[in-house]
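Working notes for the structure below.
The values are calculated or read from the model by the stated rules, or taken from the named source; none is laboratory data. Quantities reported herein were computed from a predicted structural model and do not represent experimental measurements. Every residue, glycine as well, gets a Cβ built from its backbone with ideal geometry; the counts of neighbours run over all protein chains shown. When the accessible area is computed, the model is the full protein with side chains, heavy atoms only, and any ligands, DNA or RNA have been set aside. Shrake-Rupley method; radii C 1.70, N 1.55, O 1.52, S 1.80 Å.
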Amino acid sequence: MALIPSPENLAELGLPSFNEAKEWSILQEALSGIAVEVTQLSAPCTLSALQDELRKGYHVLHIVTHGVFQQDQSVIVMEDAEKQYDLVGENEFSEMLTRIPTGDQQSTSGQLRLVYLDSCETAMRDNRDAFRGFAPALVKAGVPAVIAMQELIEVGTAQAFASTFYRQLLIHGQVDLACNEARSALIT
């Protein structure tokens, strides 16, 4: 499942818009030639629409959006029903994930196993509380693996990382090894 929000008023936050078609194309290209079905959440990319879609059962949630760590909280940019920006905090997002059936309520074949946050500062955390921050909140909510960005990152770098990460993950199925291979590819 891919989430690529494109709020119409993103400039009000002083943030550039993403090339949604290009981001979607890069993700599809990384997964080409492999029997994997990828769905893109249609607009508007609201938190409730995402929750409804995730209830259908997905292994991976790939999110391409802006993220920021502010006032001891991490937020990502999503959309409201009118396609305007909606800043969604770590608690609101992780609580949404806890409302999706898991374990005995849903077969393991449909459980969310990885959230990939292609969003700046989503791996930052509060030094006073290890579970404050977007990625830590998702782990606390029960997501087994979370990929996130600690700092600001160039869009092209993030795209190259994602492409290598998914290609390698689909070869061997090991998230940490795929991350290391993607980091290595960027350094090289």
query: Based only on Cα atoms, what Rg/Rh ratio does the chain have, Rh being taken as Kirkwood's radius?
result: 0.93
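Provide the net charge surrounding V175, with neighbours chosen by a C-beta distance below 14 Å and charges set as Lys +1, Arg +1, Asp -1, Glu -1.
Details: positive: R113, R167, R183; negative: D176, E181.
That works out to +1.
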Accessible area expressed per residue, the chain, with surrounding protein chains retained (probe 1.4 Å, Å²): 51 Å²
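Could you work out the helix-only [θ] at 222 nm for the chain, with each DSSP H run of four or more residues adding -39,500 (n - 2.57) and the total divided by the number of residues, to the nearest 500 deg cm²/dmol? Write down the numbers at each step before the final one.
Details: 6 runs with 66 residues, N = 188.
Rounded to the nearest 500, the figure is -10500 deg cm²/dmol.
In what sequence, highest mean first, do 165-171, 93-99 appear when ranked by Cβ atoms within 10 angstrom? Don't skip to the answer; put the middle values down first.
Values: 165-171: 19.4, 93-99: 15.9.
Listed from highest to lowest mean packing, they are 165-171, 93-99.
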field: Spread of Cα-to-Cα distances over 10 Å intervals beginning at zero, given as percent, for the range 132-185
entry: 23, 47, 30, 1
- request: With unit charges on the beta carbon (Lys/Arg positive, Asp/Glu negative), name the residue among V38, V75, G156 whose Cα is farthest towards the positive pole of the charge dipole of the chain.
  value: V38
query: Ratio of Rg to Rh for the range 1-76, alpha carbon only, Kirkwood?
result: 0.99
query: By per-residue mean of other Cβ atoms within 10 Å, what is the highest-first order of 76-82, 66-72?
result: 76-82, 66-72
message: Under a Cβ-only charge scheme (Lys and Arg +1, Asp and Glu -1), can you give me the dipole magnitude of the chain about the Cα centre, in debye to the nearest 20?
response: 600 debye
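Give me the percent of accessible area attributable to carbon and sulfur for the chain, probe 1.4 angstrom.
48 percent
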- prompt: In bins 5 Å wide, starting from 0, what share of all Cα pairs of the range 32-86 does each bin hold, as a percent?
  reply: 4, 15, 22, 22, 17, 11, 6, 2, 1
